[in-house]
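**Q** This is the structure, below, for whatever I ask next.
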Amino acid sequence: MSNTEFPDDELRHEQEFIDGLYARVDVLLGEAETSVADALAQGDKPLQARLERDILVAERSGLLAALNAVDGSLCFGRIDLAGGTTHHIGRIGLREDDTERTPVLIDWRADVARPFYLATGHTPMGLRRRRHIGTDGRTVTALHDEILDLGDTTRTGHEDHNGDAVLLAALNSARTGRMSDIVRTIQAEQDEIIRAPHRGVLVVEGGPGTGKTAVALHRAAYLLYEHRDLLARRAVLIVGPNPAFLGYIGEVLPSLGETGVLLATVGELFPGVKATATDTPEAAAVKGSAAMADVLAEVVRDRQALPDPVIAIEHEREVLMLDDGLVNVARERARAAELPHNAAREHFEGHILNTLTELYAERVGTDPYDGSSLLDPSDLTQIRDELAENPEVWSAVDRLWPRVTPRRLVADFLAEPDGYLAEEDAAAIRRPVTRAWTVADVPLLDEAAELLGEDDRVARARADRERETQVAYAQGVLDVSYASRTYEFDDRHDDDSEVLSAHDIIDAERFAERQEEADHRSAAERAAADRTWAFGHIIVDEAQELSPMAWRLLMRRSPTRSMTLVGDPAQTAEAAGVGSWSDILAPYVEDRWEHTRLGVNYRTPAEIMDLAAAVLRQAHPDFEPPSSVRSTGTRPWVRQATGDLPGAVAAAVADLTPDEGRLAVIAPRALHRSLAARLDGVTAGAEPDLTRTVVLLDPRAAKGLEFDSVLVVEPGAYGTSDLYVALTRATQRLGVLYTDGLPEALRPAAATP
């Protein structure tokens, strides 16, 4: 506990409260001075029992996992109600014990905590005071009180006349390379989105810096709190644009006590495949188009072949001829089952065996005088069974209706796409068969898996054999148990023993079931390994960038269409990106979706936002940027580099690098190697480490990220959307270096001294 001396009662009171919270946490985490072991050693059985009960309750409720995951202050606020009641607000809820109805610490997601975010002097929502509590570890460092009931004359000496002080302090703080939660500073418009109903599709649109990503993550935490039973079973999926972005946001949910969420890129959503290769923009656009679904369906149908011209099968010294007419009948009947390719193979096999049985029966079982059949049904069954053991039959079936894996189908198609696509499109995607997959390949693999399905007969047979082995082993254990019990009682009882044995209370099948190893993986871990998993809720960041084929993949993962989509059509840069929300959603939910927009820019100072908006207005004159909440007084600069560009970049980096925080150099990928050679600790080509002081990115990799300072290199090499993204990553300072080809919108800034 803290021994810090405080100058007034308010600080002392809050410190005592914080100390009490952490004392409780220490007990639950097994770190208290009086632990269960100490209580046992001291013979204090009541204390031992209470501690053991508390820990058991905490384990079962998930509280222990949450406490271990939370990083940061447990308590960050307090609300004082008009009637005298006081509630402390924190990242998770804590009770004195499991019988207490009112928690000692209120979870920020609870309804009673909502006035902390929404109350104003005009609408106080029953509050007379709102307090923000600043802490450093376990020590209270500052209090900020807002008076909401102007008729209350009580003062603490910590009244904050600037109600935005806590928000502005958070916005101006140095970046760490990891996104921080905004649980202390959630704004009213953000709170409405975070607590929106669970069902249906909610689209959250917002420009750079509006906090849409943070809102989406806090919405995930809120939904897990509000619908724990459902979402703990089905899991929540969060889809981000790239691995660096997922690393950037990866600590937000654990800091809020939530760890049961799967974070993935589209390139990681096909189990066993991780996209490591890169497509050209032209190839990504072709692969991502909605037409690829029909193309792959045609590729699968072409695997259902006809003989050219016949297939001869020798059986019992008879040669049976399968021509295209006979096979086509079998093929159409199998297709009529409307099953995926591999699952429909069983139907095709049956039709082929029936056809061959009829051919063979005509040869050997027809009366030569009147043409009548000499065979009865049992004879035909025997012939069919014998044909089913003929390797030539299965060789023919494999040629005509082969088992195909998604990877093989897509790899073969990409190696030879001619005949399925226009010549230009086929040339864009053609590549040799390799083991490296791209992000745009993953939706193709998923589509192929849907079209192919699985022929699970082999897996079922293997499972049946394993089950039989387990039951036989269990029966052996029971027999040994029965024999030993019989031997034990033979000398004591002349008649049947009345003592129950294992045989009397359990059979071999149930005993085998009890010995099966339980699956202890979390729902998120099981979902990551199961392509057919249906998630309880899906959140998609930078949703405007996903291709139509990627949306087909995601919609399969959300049959209930419970989704939150966040993005900004103005930032659409991918050639395959849909951009329009109605175009994305109409094929799946028509017009049954909700749309909301965040209009306040918390990240980008007004000086920088004005410059970025001018760039976008060149292409979209009616564009209105989000309103910046702050101005730093520091204008962005635009300079021409003459001669040594890497040297000019190194000099600019030295000037822009903050004493605390992070700087990003955003440059065309073609320049990365030469720039990295002049920047200490910077590596080109590797996945960026966002925790380093200086990182090197291109505009696509910078999406969704923020830095204290940003240097944009060669802006004329970017498209409008990419340049807009690059210019809006800074929270404090922005510089632009160019050699030639400066975009017109940036020329006024270049002319300013």
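**Q** Output the residues belonging to the range 558-597 that are in contact with a Lys or Arg (Cβ under 9 Å, 6 or more places away or on another chain) and basic (Lys, Arg). Spell out how you get there, then give the answer.
**A** Within the range 558-597, the subset in contact with a Lys or Arg (Cβ under 9 Å, 6 or more places away or on another chain) is 560-562, 564, 566-568, 571, 573-574, 576, 585, 587-589, 592-593.
Once the filter is applied, which keeps residues that are in contact with a Lys or Arg (Cβ under 9 Å, 6 or more places away or on another chain) and basic (Lys, Arg), the range 558-597 yields 561, 592.
**Q** Further, regarding this structure: Does residue 188 fit the bill of being closer than 18 Å to residue 629 by Cβ and surrounded by fewer than 14 Cβ atoms within 10 Å (Cβ to Cβ)? Explain how you work it out, then say what you get.
**A** Numbers: closer than 18 Å to residue 629 by Cβ: yes; surrounded by fewer than 14 Cβ atoms within 10 Å (Cβ to Cβ): yes.
Yes: the conditions hold for residue 188.
**Q** Let me ask something else about it. How about the range 667-753: which strands (runs of 3 or more DSSP E) wholly inside it have at least 2 residues that are within 21 Å of residue 632 (Cα to Cα) and not acidic (Asp, Glu)?
**A** The qualifying strands (runs of 3 or more DSSP E) are 707-713, 730-738.
**Q** Read through the list (1) modelled with pLDDT of 90 or more; (2) out of contact with any His (no Cβ under 9 Å at 6 or more places or on another chain), then give the number of the only condition that residue 164 fails.
**A** So residue 164 meets the others, but not (1).
**Q** Looking for whichever is under 20 Å from residue 252 (Cβ atoms) and either aliphatic (A, V, I, L, M) or open to solvent by less than 40 Å² (accessible area, probe 1.4 Å) (or both) here; the options are 89, 133. Which one fits?
**A** 89
**Q** Test of understanding: among 298, 192, which residue is closer than 20 Å to residue 449 by Cα and either among the charged types (D, E, K, R) or assigned to a helix (DSSP H, G or I) (or both)?
**A** On inspection, the qualifying residue turns out to be 298.
**Q** Same structure again: Is it the case that some residue within the range 146-169 is in contact with a helix residue (DSSP H, G or I) (Cβ under 8 Å, 6 or more places away or on another chain), open to solvent by less than 50 Å² (accessible area, probe 1.4 Å) and in a helix (DSSP H, G or I)?
**A** No, the range 146-169 has no match at all.
**Q** Among (1) open to solvent by less than 40 Å² (accessible area, probe 1.4 Å); (2) closer than 26 Å to residue 197 by Cβ; (3) touching a residue at least 24 places away in the same chain (Cβ under 8 Å), there is one condition residue 120 misses while meeting the rest; what is its number?
**A** Every listed condition holds for residue 120 apart from (1).
**Q** Condition first: in contact (Cβ under 8 Å) with a residue 60 or more places away in the chain, under 16 Å from residue 290 (Cα atoms) and open to solvent by 30 Å² or more (accessible area, probe 1.4 Å). Now tell me which residues in the range 561-581 satisfy that.
**A** 574, 575
**Q** Assess whether residue 204 counts as being touching an Asp or Glu at 6+ places or on another chain (Cβ under 9 Å) and touching a residue at least 40 places away in the same chain (Cβ under 8 Å).
**A** On the way: touching an Asp or Glu at 6+ places or on another chain (Cβ under 9 Å): no; touching a residue at least 40 places away in the same chain (Cβ under 8 Å): yes.
Answer is no for this residue.
**Q** Within the range 240-248, does at least one residue satisfy the condition of being part of a loop (DSSP other than H, G, I, E, B), farther than 21 Å from residue 559 by Cα, of a type in the set (A, V, I, L, M) and touching a Gly at 6+ places or on another chain (Cβ under 9 Å)? Show your work before the answer.
**A** Restricting attention to the range 240-248, the residues satisfying the condition of being part of a loop (DSSP other than H, G, I, E, B) are 241-242.
Restricting the remaining residues to those that are farther than 21 Å from residue 559 by Cα gives 241-242.
In the following step, the residues that additionally are of a type in the set (A, V, I, L, M) were identified as none.
So far as the range 240-248 goes, no, none of its residues is part of a loop (DSSP other than H, G, I, E, B), farther than 21 Å from residue 559 by Cα, of a type in the set (A, V, I, L, M) and touching a Gly at 6+ places or on another chain (Cβ under 9 Å).
**Q** Kindly indicate the residue of the range 548-569 that is among the small types (Gly, Ala, Ser) and under 20 Å from residue 594 (Cβ atoms) and also nearest to the chain's Cα centre (by Cα) among those meeting that condition.
**A** 558
**Q** Restricting attention to the range 249-290, which residues are free of Cβ contacts under 8 Å to residues at least 60 places away in the same chain and in a loop (DSSP other than H, G, I, E, B)?
**A** The answer is 272, and nothing else.
**Q** Could I ask something else about it? From the list 443, 432, which residue is modelled with pLDDT under 95 and either assigned to a helix (DSSP H, G or I) or open to solvent by 10 Å² or more (accessible area, probe 1.4 Å) (or both)?
**A** Exactly one of 443, 432 is modelled with pLDDT under 95 and either assigned to a helix (DSSP H, G or I) or open to solvent by 10 Å² or more (accessible area, probe 1.4 Å) (or both), namely 432.
**Q** State which residue is nearest to residue 217 (Cα to Cα) when the search covers only the range 523-549 and only residues that are in contact with a strand residue (DSSP E or B) (Cβ under 7 Å, 6 or more places away or on another chain) and either in a strand (DSSP E or B) or among the hydroxyl-bearing types (Ser, Thr, Tyr) (or both).
**A** Only one residue fits best here, namely 539.
**Q** In addition: Looking at (1) open to solvent by 30 Å² or more (accessible area, probe 1.4 Å); (2) at pLDDT 80 or above; (3) polar (S, T, N, Q), which is the only condition residue 48 fails?
**A** If we test residue 48 against (1) open to solvent by 30 Å² or more (accessible area, probe 1.4 Å); (2) at pLDDT 80 or above; (3) polar (S, T, N, Q), just (2) comes out false.
**Q** So which residues in the range 669-697 are within 22 Å of residue 174 (Cα to Cα) and of a type outside the set (Val, Ile, Thr), if there are any at all? Before you say what the answer is, go through the steps one by one.
**A** Step one: filter the range 669-697 for residues within 22 Å of residue 174 (Cα to Cα), giving 679-682, 688-697.
Within the range 669-697, 679, 680, 681, 688, 689, 690, 692, 696, 697 meet the criteria.
**Q** Also: Give 584, 608 a once-over and let me know the one that is open to solvent by less than 60 Å² (accessible area, probe 1.4 Å) and within 26 Å of the chain's Cα centre (by Cα).
**A** Step by step, each of 584, 608 is checked, and only 584 is open to solvent by less than 60 Å² (accessible area, probe 1.4 Å) and within 26 Å of the chain's Cα centre (by Cα).
**Q** Looking at the range 338-367, I want the residues that are under 19 Å from residue 302 (Cβ atoms) and have a partner that is among the acidic types (Asp, Glu) and open to solvent by 60 Å² or more (accessible area, probe 1.4 Å) with Cβ atoms under 9 Å, at least 6 apart or on another chain. Which pairs are those?
**A** Qualifying pairs under 9 Å: 339/346; 340/450; 340/454; 342/454; 342/456; 343/454; 343/456; 344/338.
**Q** May I pose another question? What do you reckon, is residue 277 under 23 Å from residue 688 (Cα atoms) and more than 14 Å from the chain's Cα centre (by Cα)?
**A** The answer is yes for residue 277.
**Q** Between a residue in the range 540-554 that is within 22 Å of residue 206 (Cα to Cα) and any residue that is among the acidic types (Asp, Glu), which pairs come within a Cβ distance under 6 Å, given they are 6 or more apart or on different chains?
**A** Listed pairs, sorted by first residue: 545/574.
**Q** If you scan the range 614-645, which residues turn out to be crowded, with 17+ Cβ neighbours inside 10 Å and either over 30 Å from residue 191 (Cα atoms) or at pLDDT 95 or above (or both)?
**A** Within the range 614-645, 614, 615, 636, 637, 638, 641, 645 meet the criteria.
**Q** Still on this structure: Just wondering, is there one or more residues in the range 407-415 that are open to solvent by 40 Å² or more (accessible area, probe 1.4 Å), part of a loop (DSSP other than H, G, I, E, B), out of contact with any Gly (no Cβ under 9 Å at 6 or more places or on another chain) and basic (Lys, Arg)?
**A** Looking through the range 407-415, none of the residues is open to solvent by 40 Å² or more (accessible area, probe 1.4 Å), part of a loop (DSSP other than H, G, I, E, B), out of contact with any Gly (no Cβ under 9 Å at 6 or more places or on another chain) and basic (Lys, Arg).
**Q** Output the number of the condition that residue 289 fails; it satisfies all remaining conditions of (1) open to solvent by 10 Å² or more (accessible area, probe 1.4 Å); (2) in contact with a strand residue (DSSP E or B) (Cβ under 8 Å, 6 or more places away or on another chain).
**A** (2)
**Q** Please name all residue pairs, on different chains or six or more residues apart, with Cβ atoms under 7 Å, provided the first residue is in the range 223-248 and is without any contact (Cβ under 8 Å) to a residue 24 or more places away in the chain and the second residue is outside any helix (DSSP H, G or I) and of a type in the set (Lys, Arg).
**A** Close Cβ pairs (under 7 Å, with a partner that is outside any helix (DSSP H, G or I) and of a type in the set (Lys, Arg)) do not exist here.
The values are calculated or read from the model by the stated rules, or taken from the named source; none is laboratory data. On a predicted model such as this, the values are computed, not experimentally measured, just so you know. Glycine also receives a Cβ, built like all others from the backbone with ideal geometry; neighbour counts cover every protein chain displayed. In case anyone asks, the SASA skips ligands and DNA or RNA and just uses the protein heavy atoms, side chains included. Shrake-Rupley method; radii C 1.70, N 1.55, O 1.52, S 1.80 Å.
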